[in-house]
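The values are calculated or read from the model by the stated rules, or taken from the named source; none is laboratory data. Bear in mind that the values here come from a model prediction, so they are computed numbers and not experimental data. As a convention, Cβ positions derive from the backbone with ideal geometry for all residues, glycine included, and neighbour counts pool all protein chains shown.
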Amino acid sequence: MSIRILVLGGGGREHAIVKALARSPQSPELFCAPGNPGIAADATCLPDLDPVDPAAVTARAAALEIDLVAVGPEAPLVAGVVDALEEAGIAAFGPSGEAARLEGSKSYAKEAMADAGVPTGGYAVVTDRESALAEVAKAGCPIVLKADGLAAGKGVLICMDETEAGEAIEVFFTEQRFGQTEVVVEEFLEGEELSLLAICDGERAIPLAPAQDYKRIGEGDTGPNTGGMGSYSPVQTVSPGRLKELSAAVHQPIVDLMARRGHPFRGVLYAGLMMTTDGPKVLEYNTRFGDPETQAVLPRLESDLVDLFLAASIPGGLSEKEVSFSEQFAVTVVLTSAGYPASSSKGDVITGLEEAAGSAEVVHAGTAEEHGRIVTAGGRVLNLTGLGPDAATARDRAYDAADAVKFDGKQMRRDIAERAVRRERDQEQ
Ligand code: AMP
Ligand code: GLY
């Protein structure tokens, strides 16, 4: 009987994970909660199962005789879904609730980085308006203020001057937009950002291929932050040797620290890095696959993802494993609905999906099925990943697919992977 795997989540990242699992030579039987209409091609979707409810997930996994649960988003991790599954004797890919605090609490992450000797920006934690004002006056601007808890990428306010810092302090402490929260006041860092993901078994971290994502809505990195407008992999400036060095500096010390603390880190540890003139510094940790980095990274994976998930769910299980990636380049373009990121539109009919599949991997992020038609159902609607021998070809394939897809209010950035294409041209000259 083939192995039965339940993936939790229903966005583009989870569709990319399901597609990668479906490519496994082990032919796994796949389930996904809640899933989406794209995921339904490769997995049985469980739209009525709430992935953030530990008891419900455990009961359904037991009833379906699931061998392994792989968690996509952060909320189920922080809610303790992995702890509940392990208590019930069901293997899980993902960290415990305690280990997921590396993402769930920015102050916990900063303290862990200091303890583990990971390079990061200077910081202070403040709990009220007066100490925030004093800290900003002491450190000077530009400065960055971050809500302590999960805020779907919206809790980070970058303040270029005193006026912006003053407004940010009101947002956190007077308006309390993020509830009653501790605030991390952090040194402003400049440089190119890099997403470095590693797969971890509680003892060892193995880096995955490096990626970059595009967070701002507008071309040239302008406008408000979003859940991600595109990504690409690999990043030419990070050679295999450099990748090992970086991972030894930002992943392994945290895995070692969490093991010492009695909360071994299993799953994906994602380090968001700023490559400053002073060397790489960690901006944040996520305790899961990045979205939309995963959509560019996993299509390049040559290793068996089922095997890696199983190995990582056992202490020390990755010790004999290698992870290999193809030489291909991957570029992911995100299509969003009208109004995103402030709002999103639902129910617009999507056409051109078959034509798009001729040039790229089509991943569903926010879609629904209505009367046999695929319609928009969220801010980020579809992700198109082009693959090719070089960045320019992969980029062109992604945009061919993105242009083939049609729906009212479709938005995209036209400059995804432009940096990689430019680097490629510079190398040729
Ligand atoms: P985070 O959720 O902490 O990764 O922050 C979201 C985004 O805010 C990052 O991807 C950066 O673009 C930006 N950011 C966060 N911290 C800093 C910092 N210390 N200096 C400059 N930009 C930052
Ligand atoms: N791409 C950023 C994130 O997944 O948090």
(message) Going residue by residue through region 302-315, is there one that turns out to be crowded, with 18+ Cβ neighbours inside 10 Å and modelled with pLDDT under 95?
(response) yes
(message) So Ser319 passes all but one of these: (1) out of contact with any strand residue (DSSP E or B) (no Cβ under 8 Å at 6 or more places or on another chain); (2) surrounded by fewer than 16 Cβ atoms within 10 Å (Cβ to Cβ). Which condition number does it fail?
(response) (1)
(message) I want to confirm something. Restricting to region 209-233 and keeping residues that are at pLDDT below 95 and within 17 Å of Ala365 (Cα to Cα), which single residue is surrounded by the most Cβ atoms within 10 Å (Cβ to Cβ)?
(response) Gly228
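One line per residue, one yes/no per condition, for (1) crowded, with 21+ Cβ neighbours inside 10 Å; (2) more than 24 Å from Pro299 (Cβ to Cβ):
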{"residue": "Ile3", "(1), (2)": "no, no"}
{"residue": "Val7", "(1), (2)": "yes, no"}
{"residue": "Arg13", "(1), (2)": "yes, no"}
{"residue": "Glu29", "(1), (2)": "no, no"}
{"residue": "Ala33", "(1), (2)": "yes, no"}
{"residue": "Ala62", "(1), (2)": "no, yes"}
{"residue": "Glu65", "(1), (2)": "no, yes"}
{"residue": "Gly80", "(1), (2)": "no, yes"}
{"residue": "Asp83", "(1), (2)": "no, yes"}
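Criterion first (closer than 25 Å to Ser96 by Cα and either in contact with an Asp or Glu (Cβ under 9 Å, 6 or more places away or on another chain) or surrounded by 22 or more Cβ atoms within 10 Å (Cβ to Cβ) (or both)) does Glu203 satisfy it?
Spelling it out, Glu203 is indeed closer than 25 Å to Ser96 by Cα and either in contact with an Asp or Glu (Cβ under 9 Å, 6 or more places away or on another chain) or surrounded by 22 or more Cβ atoms within 10 Å (Cβ to Cβ) (or both).
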(message) Exactly one condition in (1) within 13 Å of ligand 1 (Cβ to nearest atom); (2) surrounded by 15 or more Cβ atoms within 10 Å (Cβ to Cβ) is false for Met160; which is it?
(response) (2)
(request) Name the one entry in Gln180, Gln236 that is more than 10 Å from ligand 1 (Cβ to nearest atom), polar (S, T, N, Q) and over 30 Å from Glu98 (Cβ atoms). (result) Gln236
(message) Tally up the residues in region 173-189 that are more than 22 Å from the chain's Cα centre (by Cα) and either at pLDDT below 90 or of a type in the set (Val, Ile, Thr) (or both), please.
(response) 11
(request) Scan (1) surrounded by 20 or more Cβ atoms within 10 Å (Cβ to Cβ); (2) in contact with a Ser or Thr (Cβ under 9 Å, 6 or more places away or on another chain); (3) under 21 Å from Ala211 (Cβ atoms) for the single condition Ser359 breaks and write down its number. (result) (2)
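Quick one: which residue in Glu284, Glu203 is within 24 Å of Phe93 (Cα to Cα) and within 11 Å of ligand 1 (Cβ to nearest atom)?
Step by step, each of Glu284, Glu203 is checked, and only Glu284 is within 24 Å of Phe93 (Cα to Cα) and within 11 Å of ligand 1 (Cβ to nearest atom).
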(request) Go through region 53-156 and tell me which strands (runs of 3 or more DSSP E), entirely inside it, have 2 or more residues that are among the small types (Gly, Ala, Ser). (result) 91-93
(request) Determine if region 124-146 includes at least one residue that is among the polar types (S, T, N, Q) and at pLDDT below 95. (result) yes
(message) Just checking: which of the strands (runs of 3 or more DSSP E) contained wholly in region 258-361 hold 2 or more residues that are within 16 Å of ligand 2 (Cβ to nearest atom) and among the β-branched types (Val, Ile, Thr)?
(response) 329-336
